[in-house]
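The values are calculated or read from the model by the stated rules, or taken from the named source; none is laboratory data. Just so you know, these numbers come straight off a predicted model, no measurement behind them. Counting neighbours? That spans all protein chains shown, and the Cβs are built from the backbone with ideal geometry, glycine included.
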Amino acid sequence: MNTADALPTRCEVLVVGSGAGGATTAAVLAEAGIDVVVVEEGEWIAQGEIVPFSLEQMERQYRSGGVTVALGRPGIAYTEGRCVGGGTEINSGLYRRPPADVLDRWRDQYGIADFAPEEFDSIADEVEEELSVRTVPGAVTPSSGLLRDGSDALGWRQSEIPRWMEYPEGGSATSGRRRSMTETYLPRARRAGARVVSGCRVRRLRQAGHGVVVDLEVAGARREVLADHVFVCGGAIQTPALLQRSGLRRDVGASLAIHPTVKLSARFPDEVNVGDDVPVHQVKEFAPNLSFGGSASHPGLLALALSDEWPKFGQVVESWRHMSVFYAAITSEGRGRVDALPGFQDPVVTYRLTRRDRDLLRAGLNRLALVMLEAGATEVYPSYRGAPVVRGRRDLADLAARFSANRASVMTVHLCSTVPMGESDRCPVDSFGAVKAADRITVNDASLLPDAPGVNPQAAVMAIAIRNARHFAARRSGGRT
């Protein structure tokens with residue numbers, strides 16, 4: 001649905017956002033018999049309608065065409081989905097539960113009540129069944145095999161990461177269909193009676209009596225919806241911004257956590273590029289502090305990875321079929337902020353790397369280059385200004401000596417922790433996401449994760465969102481809101 005006519009004036013629960021948090025919330029609540037409306041700023045784009053990792057996808061499914069930056073030294077590029085299904089429509093589909101010690105740390109340090117590992121694992125089992133989480137059938141893509149082979153040659157621990165993909169019988173690594181929110185939880189929500197309205201930007205929330213007035217902009221016109229309760233699921237950037245615009249600022253947006261990432265491109269004697277897919281192997285020898293993996297290597301994205309030293313590196317883009325892009329990601333000690341400022345439509349995002357973070361990025365890029373050399377790369381092209389071409393181990397010292405995080409293209413696709421949950425005084429929401437300073441408003445997305453989990457956060461987001469939605473539904477059925 002994509003018209004203002006589909007938007008009601010009243011509902012029991014209004015869910016802001018339709019990604020991993022919002023879609024699961026809507027499905028759980030609608031299936032519990034609650035009248036649910038989901039509003040999404042972007043459009044509904046069916047699977048297969050546009051080419052993955054293409055410029056058209058960047059324009060139609062990413063916020064600001066994928067060009068958003070957290071200010072700092074260095075600035076850190078980040079991506080947000082802006083479409084029905086949110087980030088699940090655009091990410092790589094890799095899935096990994098957070099380690100048990102991470103869940104224990106969250107519970108103990110942030111005072112999260114009733115956060116039993118058995119319940120988390122049970123919900124994760126359900127999610128994995130719904131999303132068809134599995135490894136690829138048959139052989140992996142060439143670039144994934146390179147990560148595996150290079151790390152094996154060094155004796156470093158690596159593994160294939162499962163994906164939430166559905167593969168046809170006899171299919172290959174590139175034949176999967178993404179089990180995103182528009183394929184799974186949103187259809188479930190709609191079958192249970194939920195309405196999904198795209199093209200709606202929520203400006204602010206205002207409590208009024210026994211409900212919440214939601215101020216929206218739809219097709220250029222202002223509208224209001226009165227909801228008994230609002231779940232804010234706009235992601236780790238847009239959720240705190242909406243709360244702040246609604247006058248809820250205390251401890252909101254002040255603890256952004258990410259996985260900072262640096263990249264390199266590597267050229268091999270054989271053709272290795274699969275432009276519309278990503279490698280499924282990751283190197284976890286140095287986890288949780290440092291991980292290696294592969295990125296989308298569409299020719300345009302490859303050119304972007306070479307752009308820091310384009311006069312020196314640019315000519316090799318003609319060999320793109322023999323090249324692929326890889327990354328080193330760290331678990332950062334630094335933190336950032338999200339601030340909604342008067343007169344600005346989008347929030348201002350800032351992030352500060354610590355000295356340890358900078359040193360770890362240098363070490364990560366150096367070790368990643370070594371993996372590529374061991375995998376048979378003839379040249380490695382690091383993504384930072386002033387970088388050398390690495391052709392052998394003797395060049396690694398030069399790579400490390402010239403590296404500076406301030407000259408690197410640092411980016412992230414994992415954003416969380418801007419509205420951490422728990423009973424601790426530093427948490428603006430309780431153990432189930434309810435905003436402490438407001439009645440009838442709950443947060444239920446990546447904002448809730450107390451810190452970056454060291455793995456793709458989607459598994460944690462979905463399991464926690466389902467847990468919180470079930471808690472809400474049980475309390476509501478007992479006559480308490």
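For the structure I just gave you, tell me whether residue 246 is touching a residue at least 40 places away in the same chain (Cβ under 8 Å), in contact with a strand residue (DSSP E or B) (Cβ under 7 Å, 6 or more places away or on another chain) and assigned by TED's automatic domain parsing to the domain that holds residue 38. Taking the combined requirement at face value, the residue satisfies it.
Taken together, 68, 88, 79 contain a single residue that is surrounded by fewer than 20 Cβ atoms within 10 Å (Cβ to Cβ) and under 21 Å from residue 261 (Cα atoms), which is 68.
Among residues belonging to the stretch 285-330 that are among the charged types (D, E, K, R) and in a helix (DSSP H, G or I), point out the one that is surrounded by the fewest Cβ atoms within 10 Å (Cβ to Cβ). Full working, then the answer.
Our first condition is that a residue be among the charged types (D, E, K, R); within the stretch 285-330, this holds for 285, 308-309, 312, 318, 321.
Still in the running and in a helix (DSSP H, G or I): 308-309, 312, 318, 321.
Numbers: 308: 19, 309: 17, 312: 14, 318: 10, 321: 16.
Ranking the qualifying residues of the stretch 285-330, first place goes to 318.
Screening the candidates 206, 201 for the property of being in contact with a Leu (Cβ under 8 Å, 6 or more places away or on another chain), part of a strand (DSSP E or B) and under 30 Å from residue 343 (Cβ atoms) yields one hit, 201. Being surrounded by 19 or more Cβ atoms within 10 Å (Cβ to Cβ), under 26 Å from the mean Cα position of the chain (by Cα) and acidic (Asp, Glu) holds for only one residue in 166, 217, 183, and it is 183.
Remark: pairs (first residue in the stretch 67-83, closer than 10 Å to residue 350 by Cα; second residue of a type in the set (Phe, Trp, Tyr); Cβ separation under 7 Å; 6+ apart in sequence or on different chains) = 70/78; 70/351; 72/351; 76/351. Select from the stretch 9-35 the residues that are out of contact with any Phe, Trp or Tyr (no Cβ under 9 Å at 6 or more places or on another chain), assigned to a strand (DSSP E or B) and either closer than 13 Å to residue 473 by Cβ or charged (D, E, K, R) (or both) and list them in ascending order. Of everything in the stretch 9-35, those that are out of contact with any Phe, Trp or Tyr (no Cβ under 9 Å at 6 or more places or on another chain), assigned to a strand (DSSP E or B) and either closer than 13 Å to residue 473 by Cβ or charged (D, E, K, R) (or both) turn out to be 10, 12.
Which of the residues belonging to the stretch 379-432 are of a type in the set (Lys, Arg), under 28 Å from residue 352 (Cβ atoms) and either free of Cβ contacts under 8 Å to residues at least 24 places away in the same chain or in a helix (DSSP H, G or I) (or both)?
Within the stretch 379-432, the subset of a type in the set (Lys, Arg) is 385, 391, 393-394, 402, 407, 426.
Applying the additional criterion that residues be under 28 Å from residue 352 (Cβ atoms) yields 385, 402, 407, 426.
Hits for the stretch 379-432 are 402, 407.
Could you check, for the stretch 470-477, whether at least one of its residues is surrounded by 19 or more Cβ atoms within 10 Å (Cβ to Cβ), at negative phi and among the hydroxyl-bearing types (Ser, Thr, Tyr)? No: zero hits. Has the stretch 143-153 got any residue that is more than 30 Å from residue 429 (Cβ to Cβ) and not in a helix (DSSP H, G or I)? Within the stretch 143-153 (the criterion being more than 30 Å from residue 429 (Cβ to Cβ) and not in a helix (DSSP H, G or I)), the answer is no, since none of the residues qualifies.
Taking the listed residues 52, 117, 137, the one that is closer than 24 Å to residue 159 by Cβ, exposed (fewer than 14 other Cβ atoms within 10 Å of the Cβ) and modelled with pLDDT under 95 is 117, with no other qualifying. In the stretch 237-282, of all residues being among the β-branched types (Val, Ile, Thr) and under 18 Å from the mean Cα position of the chain (by Cα), the one that is surrounded by the fewest Cβ atoms within 10 Å (Cβ to Cβ) corresponds to 278.
Answer yes if at least one residue in the stretch 130-138 is over 24 Å from the mean Cα position of the chain (by Cα), farther than 22 Å from residue 27 by Cα and among the aliphatic types (A, V, I, L, M), and no otherwise.
Going residue by residue through the stretch 130-138, those that are over 24 Å from the mean Cα position of the chain (by Cα) are 137-138.
Still in the list and also farther than 22 Å from residue 27 by Cα: 137-138.
After this cut, where a residue has to be among the aliphatic types (A, V, I, L, M) as well, the list is none.
No, the stretch 130-138 contains no residue that is over 24 Å from the mean Cα position of the chain (by Cα), farther than 22 Å from residue 27 by Cα and among the aliphatic types (A, V, I, L, M).
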